[in-house]
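Read through the structure below, which is laid out as structure tokens, and then see the notes.
The values are calculated or read from the model by the stated rules, or taken from the named source; none is laboratory data. Owing to the predicted nature of the structure, the values given are computational and were not obtained by experimental measurement. Note that each Cβ is placed from the backbone with ideal geometry, even for glycine, and that neighbours are counted across all protein chains shown.
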């Protein structure tokens, strides 16, 4: 355990905010305190995280002179919907939270996405803070202001771009993370290497064992490097009019898997892993990647314990689900594909037949 | 009927947009067409407005080469909630609307607030257009980007600041507006005179009869003058960190009336009228307005056929409902009050006793 805190910044003008990364940060009142303006804060968390970390965060808030209130949501992607979101609004109104009250999302991607969306909408916008407690949320979803809930017809269909005041990533919380969740987080870590940071990919190939063994130095490096990549992309294209879409490598296929299987069956990272392999397969069919490169990607995901085959939903079902993707323009699917390892592009060059063949090739 | 179109602008940098005001604008494809980028648009309207104006708007869209789809909501403030909002999302997803598809809100304040909020959230934001068909929405709610739905505990508690691409105010649609709705709209018109435009107030005192008789020139002037006031305030303070709050004269009390009576019992404008009289009463108790001024305000609302007495919910209930107001800071109520006729201020100077006494004095 180290006392050092790494600080990164998401540069968005007067809405810029820091990302603190380090061990045992949750309980340190001097870190979170200065970011909270009023005397009360609402912590949004879930039934899994609350028994582990809520008391520690609440103690830090109390020490900073802030009265903590909390709402504990059911855990899982299948609860990322209106009904659960309304539990947050009920708590906010029940505790007379104001437009200036701070909402703190303590948990993984689902808690962060819902807490952030609730903060975006409550009284048309209240301040919020992300305290991610899973690898996936620490390296990806807590940074950049994408918030959303799911619709039965499509993942993350209803949401907002809404930036937090602070991201507080306490690496120590990963000690209690189930293996399956750790692996799912690695899918998004590997993503950064594939789309724009080939040196990081090489590092990952050399250090995957340490990550899986939860070596804190390796985890710390991977989280910092991932966040640095994410922060750079978000600062350049906050609302995804261009480059930011590249962060969605594997996500169009992945979202189809998550929605098609029923939310919560596949973890988001698992679906992204299988989706990335479909994207790689398609990039190969377009003549951009060779088979050795596809094999190299597959090897890394396999070593990370992630699925490299997609579920047999049927090609028609995949295409139907993908037709709701947020990148569709005038009915035409735009996919994030790989020109080479380390260089992703958004492309509508693939024909429906090629897309279908890539899905087919990757379905077990 | 005149062919002239008045054009105002809401100046918000690269998110600036025009307000077109005139007669028989709905069916003119050359007005709305240029603001729609894709070949499909979703019209959100309600069961009252659809039989009157949907066909005309759809014809204009088709003429502009745009395929219209529509969703018809139940009519009334009591439907401004999650359930109805989800009907819009279902329609958007069912018709495979994209992030670039335009949503058009055709109707009054409820349709505009819900359509706008749906547009703000769908795929994290799609373009939208306001086509207001009531006096209240033409002079107030369609301009400025406030969108929201209600929560059982408070009006407009869940929403977004989200600006339209265009406001198309067709004065001819007021021909079918019920008298009660026309009068309710006048409450917001009078508001502009009271808070910042005393010359307009004098004009209203002289021309109220023409407005109630639906004289098109008088209505046109009142709508333009109201929109000009609104546009100026919004351009100066889009997100209500200061001056914009003044537009809420009578609204803190009014929202309490709407929520307390059950959404839809009192029209918004009616509640604002009664609420404005409470605010005037309180301004008098603080020594800012004299009784003659309160009487002058009351006279104008009486002539407009609007309520000047609030319902007997009980003072405790009013205070409880008002404690959820968006202007509350650190538990302290901030109210829009009148320093004089034509000059509103936001103030936390009134004591709970004074507020209670003003409510008491105005309850029938």
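Restricting the stretch A:130-139 to residues that are over 19 Å from residue A:11 (Cβ atoms) and part of a strand (DSSP E or B), which is farthest from the chain's Cα centre (by Cα)?
First, pick out the residues of the stretch A:130-139 that are over 19 Å from residue A:11 (Cβ atoms): A:131-138.
Then drop every residue that is not part of a strand (DSSP E or B), which leaves A:131-132.
Details: A:131: 13, A:132: 10 Å.
Checking each candidate, the answer is A:131.
Given (1) within 14 Å of chain B (Cβ to nearest Cβ); (2) within 23 Å of residue A:325 (Cβ to Cβ); (3) out of contact with any strand residue (DSSP E or B) (no Cβ under 6 Å at 6 or more places or on another chain), identify the lone condition not met by residue A:163.
Only one criterion in (1) within 14 Å of chain B (Cβ to nearest Cβ); (2) within 23 Å of residue A:325 (Cβ to Cβ); (3) out of contact with any strand residue (DSSP E or B) (no Cβ under 6 Å at 6 or more places or on another chain) is unmet by residue A:163, namely (2).
Does the stretch A:98-108 contain at least one residue that is more than 8 Å from chain B (Cβ to nearest Cβ), under 23 Å from residue A:256 (Cβ atoms) and at pLDDT 95 or above?
Filtering the stretch A:98-108 down to residues more than 8 Å from chain B (Cβ to nearest Cβ) leaves A:101-108.
Going one step further and asking which of them are under 23 Å from residue A:256 (Cβ atoms), we end up with A:108.
Narrowing the set further to residues that are at pLDDT 95 or above leaves A:108.
The answer is yes, given that some residue of the stretch A:98-108 is more than 8 Å from chain B (Cβ to nearest Cβ), under 23 Å from residue A:256 (Cβ atoms) and at pLDDT 95 or above.
Test of understanding: among A:360, A:298, A:320, which residue is out of contact with any helix residue (DSSP H, G or I) (no Cβ under 7 Å at 6 or more places or on another chain) and surrounded by 15 or more Cβ atoms within 10 Å (Cβ to Cβ)?
Working: A:360 fails: out of contact with any helix residue (DSSP H, G or I) (no Cβ under 7 Å at 6 or more places or on another chain); A:298 fails: out of contact with any helix residue (DSSP H, G or I) (no Cβ under 7 Å at 6 or more places or on another chain).
Result of the check over A:360, A:298, A:320: A:320.
Considering only residues that are in a strand (DSSP E or B) and either more than 12 Å from every other protein chain (Cβ to nearest Cβ) or in contact with a helix residue (DSSP H, G or I) (Cβ under 7 Å, 6 or more places away or on another chain) (or both), which ones fall in the stretch B:140-155?
Of everything in the stretch B:140-155, those that are in a strand (DSSP E or B) and either more than 12 Å from every other protein chain (Cβ to nearest Cβ) or in contact with a helix residue (DSSP H, G or I) (Cβ under 7 Å, 6 or more places away or on another chain) (or both) turn out to be B:147, B:148, B:149, B:151, B:154, B:155.
Against the condition over 19 Å from the mean Cα position of the chain (by Cα), part of a loop (DSSP other than H, G, I, E, B) and not assigned by TED's automatic domain parsing to the domain that holds residue B:134, how does residue B:317 come out, does it pass? Spell out the reasoning first.
On the way: over 19 Å from the mean Cα position of the chain (by Cα): yes; part of a loop (DSSP other than H, G, I, E, B): no; not assigned by TED's automatic domain parsing to the domain that holds residue B:134: yes.
So residue B:317 does not fit the description; no.
Within the stretch A:95-125, which residues are in a loop (DSSP other than H, G, I, E, B) and buried (at least 20 other Cβ atoms within 10 Å of the Cβ)?
To start, the set of residues in the stretch A:95-125 that are in a loop (DSSP other than H, G, I, E, B) comprises A:95-101, A:108, A:123-125.
Matches in the stretch A:95-125: A:97, A:98, A:101, A:108, A:123, A:124.
For residue A:283, work out the one condition from (1) under 30 Å from residue B:66 (Cβ atoms); (2) more than 14 Å from every other protein chain (Cβ to nearest Cβ); (3) surrounded by 24 or more Cβ atoms within 10 Å (Cβ to Cβ) it doesn't fulfil.
Looking at each condition in turn, residue A:283 falls short on (1).
Each row is one residue, and each column tells you yes or no for (1) closer than 29 Å to residue B:266 by Cα; (2) at pLDDT below 95; (3) buried (at least 16 other Cβ atoms within 10 Å of the Cβ).
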position	(1), (2), (3)
B:31	no, no, yes
B:36	no, no, yes
B:49	yes, no, yes
B:59	no, no, no
B:75	yes, no, yes
B:84	yes, no, yes
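Listed here are the residues, each with its yes/no results for (1) touching a residue at least 40 places away in the same chain (Cβ under 8 Å); (2) within 29 Å of residue B:294 (Cβ to Cβ).
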{"site": "B:167", "(1), (2)": "yes, no"}
{"site": "B:207", "(1), (2)": "no, yes"}
{"site": "B:217", "(1), (2)": "no, no"}
{"site": "B:241", "(1), (2)": "no, no"}
{"site": "B:259", "(1), (2)": "yes, yes"}
